[in-house]
1. Is it the case, given these coordinates, that A:K157 is at pLDDT 90 or above and assigned to a loop (DSSP other than H, G, I, E, B)?
2. Restricting attention to region B:342-351, which residues are open to solvent by 40 Å² or more (accessible area, probe 1.4 Å) and assigned to a strand (DSSP E or B)?
3. Test of understanding: among B:K86, B:K63, which residue is outside any loop (DSSP other than H, G, I, E, B), open to solvent by 30 Å² or more (accessible area, probe 1.4 Å) and of a type in the set (K, R)?
4. Would you please list the contacts, defined by Cβ atoms under 7 Å and residues six or more apart or on different chains, that run from a residue in region A:81-109 that is over 21 Å from B:T314 (Cα atoms) to a residue that is among the aromatic types (F, W, Y) and assigned to a loop (DSSP other than H, G, I, E, B)?
5. So A:V124 fits all but one of (1) crowded, with 18+ Cβ neighbours inside 10 Å; (2) out of contact with any Lys or Arg (no Cβ under 8 Å at 6 or more places or on another chain); what number is the exception?
6. On the given criteria, is B:Y308 within 30 Å of A:K84 (Cβ to Cβ) and surrounded by fewer than 19 Cβ atoms within 10 Å (Cβ to Cβ)?
7. Across region B:2-40, what is the total count of residues that are in a helix (DSSP H, G or I), in contact with a Phe, Trp or Tyr (Cβ under 9 Å, 6 or more places away or on another chain) and more than 14 Å from every other protein chain (Cβ to nearest Cβ)?
8. When region B:45-94 is examined, which residues are found to be over 19 Å from the mean Cα position of the chain (by Cα) and on the phi > 0 side of the Ramachandran plot?
Amino acid sequence: MTRQFSQYNIEISSSQGVSIDVDCPVAISAYKLQLLYLKTFPETFFIKMTPENQEKEWHILKSFIAFFDDSNEVFFNCHSALPKLCYRSFNLVSDDQKTVYLFVSKNAILPILVKGIANKIAKVSLLNGADLPFKQSNRLHNSAGVLWINTAKAPLKDNLNIIEIKLGSKLNVYLGSGAPITQN
Amino acid sequence: MMQDWFKKARLGIFIHYGIYAVNGTSESWAFKNGECSYKKYMKQLNGFTASNYDAEAWAKLFKRAGASYAVLTAKHHDGVALYDSKFSNLSTVQATPAKKDLLTPYCNALREQGLKVGIYFTQLDWSHKNYLSNSHKPLACYIDKKFNKMARWNNFLEFHHNQLTEILTNFGQVDLLWFDGDWERSQEDWRMKEMKEYIETISPKTIVNSRIGSYGDYATPEQQMPVTPPEGEWEYCMTVNDSWGFRPHDNNYKPLNEIIRTFCEIITLGGALLLDIGPLEDGTIDSRGVKILEGLGDFIHSNYDAIYNSNPITNHYYIGGTMLSDDKKSLYIFSYRAISPDVPVLLANLGDNVIEKAQSMNGDSIDVKTKDGYTWLTCNYTTDKISVIKLTFKDEFKEFTK
């Protein structure tokens, strides 16, 4: 991983994990920070810093950089995990495929919905933090049910938060349409 | 066959009402799964009173919940009909102290409230002496080597056909027929093709769900939310707690936010949610179920246009859900985040669509800024609930194409 502070770009690519190039004396607007939460639209995007918003947004940049510093293990050697149909925001899976990381904003309405994880889930927690209550409902016939995560009692940061989902096995993504139940 | 109304059905209420509510056993499956004997299960007939059954109150509640239709179990796998059948004494009229036809008042009350009438009617009948289950554990009452199996099966099919005819002809227009249990025999055994043709002949406006072999009008994923939406029309059925029928020990009611979020997920993917409640044997509905229906109703009625006067649209625009108004001039944004002026809402890919007006469904104002291909909405209000933003465009909305 290399972080350079010589260009006016931050690049995030879901296929390659995340690489960051941040020009140092720059600022990033609160608006643009939302792009990181989203990761919804293009597979890769660039955020350009503009000189006029530097002063105003400097504090946001600082928390942004601090965030990346805290989260090295997530960002490097990770791969894209769940498609938009499962979880619309940014998410990654670890190199060994056994941990999924979800990006969550503080203002998410609870519980948080994640679809498509067919594995039995061992543990859900904030990254390097408190365990979070979760419910894997209706996990039938070995196909994926629905994962609901509740962060109500967790200390979330104002900007980005990462939820760590520990799987007992390698990530198995279910993209099906569900089916009738023939044994109740 | 499929009717236009179902494409905008959005919410139905599923009601599993039957003798299983007396002791709170699982519906029909109790004796099949060995939870209790068949004899003990059927003793519940003696305790079924429907003494506080009020179909009008149900229908009003469903209307209040924002539903457009309901589906009541006219006959579950235990074979107990909720109406007076000429072809069997096993009904709430003939075999229970209730002595009541529960289906007629239900159908009338739904129509009175402008709701579509759905009837659940299972294909199989574990109480009929000639019903031949293919189950790996056949019930003793089916085993009778003296009779020719085919003759027995034909007898059962005739009975089934007769009851089906009753359902479709004695209760006015049945808008939706919710079959179940077809998995126990092949569709050739059931003669499903003929059954579907028969239904289309005697009741052409009745929509039939998927559980009629391969002849159904729409798909029915159950308790397991689709990730990829099924092809064509579909309906996702789900319980408010963990049980289809009333079970006194099931306190695991889903939180309202979870139900609303599920509803939004389903409708923005193009489906309908069929949300199940299990009334008590007297016909009352547990207050926790009522509360969920009312809470969902509050959401639906405050966002009515976004839900009922719109259509799902492939979402390239927002992290939550999106619907496009019938006149294609407004995009509804379903936000699963708290809204406040200090955290703008980001949209992408709106292209050269010109926003004329942006507001909450209550009419609160929203400032719009477009820059670098993204649209930033600053909402001049706060909410910590799932909410909908309405963007109205100058012209018909042009969808994003890659």
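The values are calculated or read from the model by the stated rules, or taken from the named source; none is laboratory data. Here the structure is a predicted model, which means the values were calculated and not measured. When we count neighbours, we look across all protein chains shown, and the Cβ atoms used for this are built from the backbone with ideal geometry, even at glycine. With ligands, DNA and RNA removed, areas are computed over all heavy atoms of the protein, side chains included. Shrake-Rupley method; radii C 1.70, N 1.55, O 1.52, S 1.80 Å.
1. Numbers: at pLDDT 90 or above: no; assigned to a loop (DSSP other than H, G, I, E, B): yes.
So A:K157 fails the test.
2. B:V343 - this is the single residue of region B:342-351 that is open to solvent by 40 Å² or more (accessible area, probe 1.4 Å) and assigned to a strand (DSSP E or B).
3. On the way: B:K86 fails: outside any loop (DSSP other than H, G, I, E, B).
Exactly one residue qualifies, and that residue is B:K63.
4. Note: pairs meeting the criteria are A:L102/A:Y87; A:F103/A:F90; A:A108/B:Y336; A:I109/B:Y336.
5. (2)
6. Working: within 30 Å of A:K84 (Cβ to Cβ): yes; surrounded by fewer than 19 Cβ atoms within 10 Å (Cβ to Cβ): yes.
Yes: the conditions hold for B:Y308.
7. 8
8. B:A50, B:G79
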